[in-house]
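Let me begin by presenting the structure, written as structure tokens, before commenting on it.
The values are calculated or read from the model by the stated rules, or taken from the named source; none is laboratory data. Here the structure is a predicted model, which means the values were calculated and not measured. Heads up, the Cβs are rebuilt from the backbone with ideal geometry, glycines too, and the neighbour counts pull from every protein chain shown. The accessibility values were calculated without ligands, DNA or RNA, using every heavy atom of the protein model including side chains. Shrake-Rupley method; radii C 1.70, N 1.55, O 1.52, S 1.80 Å.
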2 protein chains.
Amino acid sequence: MNTVQVMLGDRSYPIRIRPGSLADLGETLVREFGAAHVVSITTPRVGEAHFETLARGLSSADLAHQRLDVPEGDRAKTLSHASRLYDSLIDLEADRDTVIVALGGGAVGDLAGFVASTYLRGVALVQVPTTLLAQVDSSVGGKTAVNHSRGKNLIGTFFQPRLVWIDPAVLSTLPASELRCGMAEIIKAGAIWDGEFFAWLEKNAKGVTALDPELLSEAIVRAVRIKAEVVGLDEREAGLRALLNFGHTLGHAIENVLGYREIHHGEAVAIGMMFAARLSERRELAPAGTAERLEGLLDCVGLPTELPDALGVTETREAYLRAMTVDKKVRGRQLGFVVLSEIGRAKVIKLTPEEVFEGADQ
Amino acid sequence: MNTVQVMLGDRSYPIRIRPGSLADLGETLVREFGAAHVVSITTPRVGEAHFETLARGLSSADLAHQRLDVPEGDRAKTLSHASRLYDSLIDLEADRDTVIVALGGGAVGDLAGFVASTYLRGVALVQVPTTLLAQVDSSVGGKTAVNHSRGKNLIGTFFQPRLVWIDPAVLSTLPASELRCGMAEIIKAGAIWDGEFFAWLEKNAKGVTALDPELLSEAIVRAVRIKAEVVGLDEREAGLRALLNFGHTLGHAIENVLGYREIHHGEAVAIGMMFAARLSERRELAPAGTAERLEGLLDCVGLPTELPDALGVTETREAYLRAMTVDKKVRGRQLGFVVLSEIGRAKVIKLTPEEVFEGADQ
């Protein structure tokens, strides 16, 4: 079992990564946390694929447990679904000793995390991410959220899980498009923090997306290690953690404008990263060729690299500008925009939304 | 200006107490926090009495500021009011640099605190409590909450304010019944933590409730100091902080059964404390005479000391039992019930809800 520790004082927690470990979570919950009651939050689809394996382990560890289902994807991330989960938790007599297990992708993790952080002012949360994106990114770091009609993730908390339990074997049932989304965040981790890992990905990304067990596990462990390190240095995104938003400022705007069902998060982030890498070169912040290497790696795993202009270039740009001003990363009137200094190193510069598009081809 | 510090590492904050200080908050927000934008959350009634004074100070410190009103009292503490506040904050372009000022009693503080802790995953919160109860109790310690149809405060967060700003002069407009409620928490602080303060109250409680400025300020400072000390030792109620629930387990049940409009929180807590003090004597945990001293002090400020039996003794007891099992302080099947060891010292014992009433006269 690979263990990566997130170092946050009394909120520290381990991330455990091992193929085939899903059935063993129950025993760990009893042994390490003294858990007695578990409520799993999942979706019908994820539940059908994986709940039985999880439940077997919970039962054989003598844990009282129930399952609550929420709808698939971002539709579930609303205050009203959170409210229904509160009702169900009260019905199940969940108390402060109850452990909430988030079994699913990023949306389930965000919603279950928000509920865990606000039910009885916080109960223990264990993230069991079942998508590559959630495994390498959203399950680590304690961001929880629900959406608001005016923007994604506008309501949420910082609330660290007690444990993140990653079983790469569950990814075998994942659609290729969702694998690609996870790859976007893995590539991001290398691009902003670890040039050596980026170079490793240039060699092995194909093998990772083909689910070669060893390569997949190594990619997850290395990406998770980067995320854990950054979060440990800056839990509440006061500084360094903002680097993880590389590609996300524009990425969120793209999702917002096209609609969350029209484009996957990872695709939007890939486009956002490419845009930011080109901007970095244009402003002479990064050496020539930086964007090209990023493009090569994104291409290789089938991620898009160009801005969609569904509405025509000018209208789309206007729409992105509007979307960026309600994005939660806006501080004052300027954006903190993440640029690359080189492959493996990033920094935040301040730009107005208008400056973001200055001199861009598209 | 009296300052009491809540010591919680990087979440430490000062509580400042001075009569007539309301107009000076603005200048402090600029000087100490570099604030540029303030949104005050208050109620029509509190706003009418005090907002102008606060606003004058904000304006003369050149702070951009707006005011949002929520309904009076516990009616405001719902997810749907929180949701409306999110809408308004987005309309006002509140961002992570915005400071939310909670100007009001406990309900406003709980709701505004919940919203501040969940809007954009947390923005700075300043508590400006305008009731005695909120000044000595709810504004300090970082508990935020909204109610659920099935129980009070079932949804909430632990989220420390950046500053608590107490102006005892605002209490001059407070109804006597609300002053009494604050006295219940002040008496509680002495009863569980500081026998000397309790004795001081036995001499001076009448003067405090008559709003003698010096006695009132001293009572507030001493009660706040106790609250700050306990919270500093145990932010998340894993142990010691539970002592602050003295009188509250049954108190909440009484409020729940009678309805929150039928009995004030402080009255319910007074009854709960008396019940717990008698239970402490009955179980020979506290010396004889303990309950009598508490009764004397509660009587002296006009707080009730006997369980209301509106529904007849047996039915009421049943209702209390049911109410206690959904109370958020229930861990497993037993209650953590706070008893006195003597005046000035308390501890938690484990009781089933049924044992709570064992051998009670009523």
Scan the stretch B:254-271 residue by residue and report those that are open to solvent by less than 40 Å² (accessible area, probe 1.4 Å) and assigned to a loop (DSSP other than H, G, I, E, B).
B:Gly259, B:Ile263
Scan the stretch A:86-94 and tell me whether some residue there is under 30 Å from B:Ala242 (Cβ atoms), facing chain B (nearest Cβ under 10 Å) and among the β-branched types (Val, Ile, Thr).
yes
What tally of residues in the stretch B:141-173 results from selecting those that are in contact with a strand residue (DSSP E or B) (Cβ under 6 Å, 6 or more places away or on another chain) and either within 11 Å of chain A (Cβ to nearest Cβ) or open to solvent by less than 10 Å² (accessible area, probe 1.4 Å) (or both)?
16
B:Thr3 passes all but one of the listed conditions (1) under 22 Å from B:Ala145 (Cβ atoms); (2) surrounded by fewer than 16 Cβ atoms within 10 Å (Cβ to Cβ); the exception is number (1)
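I need a count of the residues in the stretch A:64-78 that are within 14 Å of chain B (Cβ to nearest Cβ) and open to solvent by less than 30 Å² (accessible area, probe 1.4 Å).
So the answer is 1.
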When the stretch B:195-221 is examined, which residues are found to be open to solvent by 40 Å² or more (accessible area, probe 1.4 Å) and under 21 Å from B:Val6 (Cα atoms)?
B:Glu218
When the stretch A:268-283 is checked residue by residue, the ones that are under 15 Å from A:Gly302 (Cβ atoms) and touching a residue at least 40 places away in the same chain (Cβ under 8 Å) are A:Val269, A:Ala270, A:Met273
Any idea which of (1) modelled with pLDDT of 95 or more; (2) more than 12 Å from chain A (Cβ to nearest Cβ) is the one B:Ser177 doesn't satisfy?
(1)
How many residues, within the stretch A:121-140, are outside any helix (DSSP H, G or I) and either touching a strand residue (DSSP E or B) at 6+ places or on another chain (Cβ under 7 Å) or surrounded by fewer than 24 Cβ atoms within 10 Å (Cβ to Cβ) (or both)?
12
